[in-house]
Amino acid sequence: MFPATSLSDHDIEVVVDALTEWCSQHHCDIQSCRGQSALAAAVDAVHSSPNRDTLLHQLSEKLTDSN
C-alpha cells in the first residue's frame, strides 16, 4: 500500500527507477513483502534523495538486513 503522501511526477519517476533497480539486484518482485517494504522505504526517502542513485543507495543501506 502506498503511504499517504504527495509525490511530484519527478519523485514518482525516481522512486520507480530506484525500486525497479533494487528489486532486480535483490531478485525480488515488487509485489513481494520485500518489494513492498522497499516501495515504502523509497517513498519515505525520496524527498531527501535528489536522484535515483542516491535513493538506490539509501534503499540498499536501509534494507540490507531484510532478506
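Among Asp44, Asp53, Asp29, Asp65, which is the only one that is open to solvent by 30 Å² or more (accessible area, probe 1.4 Å), part of a loop (DSSP other than H, G, I, E, B) and either among the small types (Gly, Ala, Ser) or at pLDDT 85 or above (or both)? So that I can check it myself, show each step before the final result.
Working: Asp44 fails: part of a loop (DSSP other than H, G, I, E, B); Asp53 fails: part of a loop (DSSP other than H, G, I, E, B); Asp65 fails: either among the small types (Gly, Ala, Ser) or at pLDDT 85 or above (or both).
Step by step, each of Asp44, Asp53, Asp29, Asp65 is checked, and only Asp29 is open to solvent by 30 Å² or more (accessible area, probe 1.4 Å), part of a loop (DSSP other than H, G, I, E, B) and either among the small types (Gly, Ala, Ser) or at pLDDT 85 or above (or both).
Name every residue in region 1-26 that is hydroxyl-bearing (Ser, Thr, Tyr) and open to solvent by 70 Å² or more (accessible area, probe 1.4 Å), in order of residue number. Walk me through it before giving the result.
Within region 1-26, the subset hydroxyl-bearing (Ser, Thr, Tyr) is 5-6, 8, 20, 24.
The answer is Ser6, Thr20, Ser24.
Does Ser37 count as among the small types (Gly, Ala, Ser) and touching a residue at least 24 places away in the same chain (Cβ under 8 Å)? First the steps, then the outcome.
Values: among the small types (Gly, Ala, Ser): yes; touching a residue at least 24 places away in the same chain (Cβ under 8 Å): yes.
Criteria met by Ser37.
The values are calculated or read from the model by the stated rules, or taken from the named source; none is laboratory data. Everything quoted here is computed from the prediction, not taken from an experiment. Ideal geometry is used to build each Cβ from the backbone, glycine not excepted, and the neighbour counts take in all protein chains shown. These area figures cover heavy atoms from the full protein model, side chains too; ligands, DNA and RNA do not enter into them. Shrake-Rupley method; radii C 1.70, N 1.55, O 1.52, S 1.80 Å.
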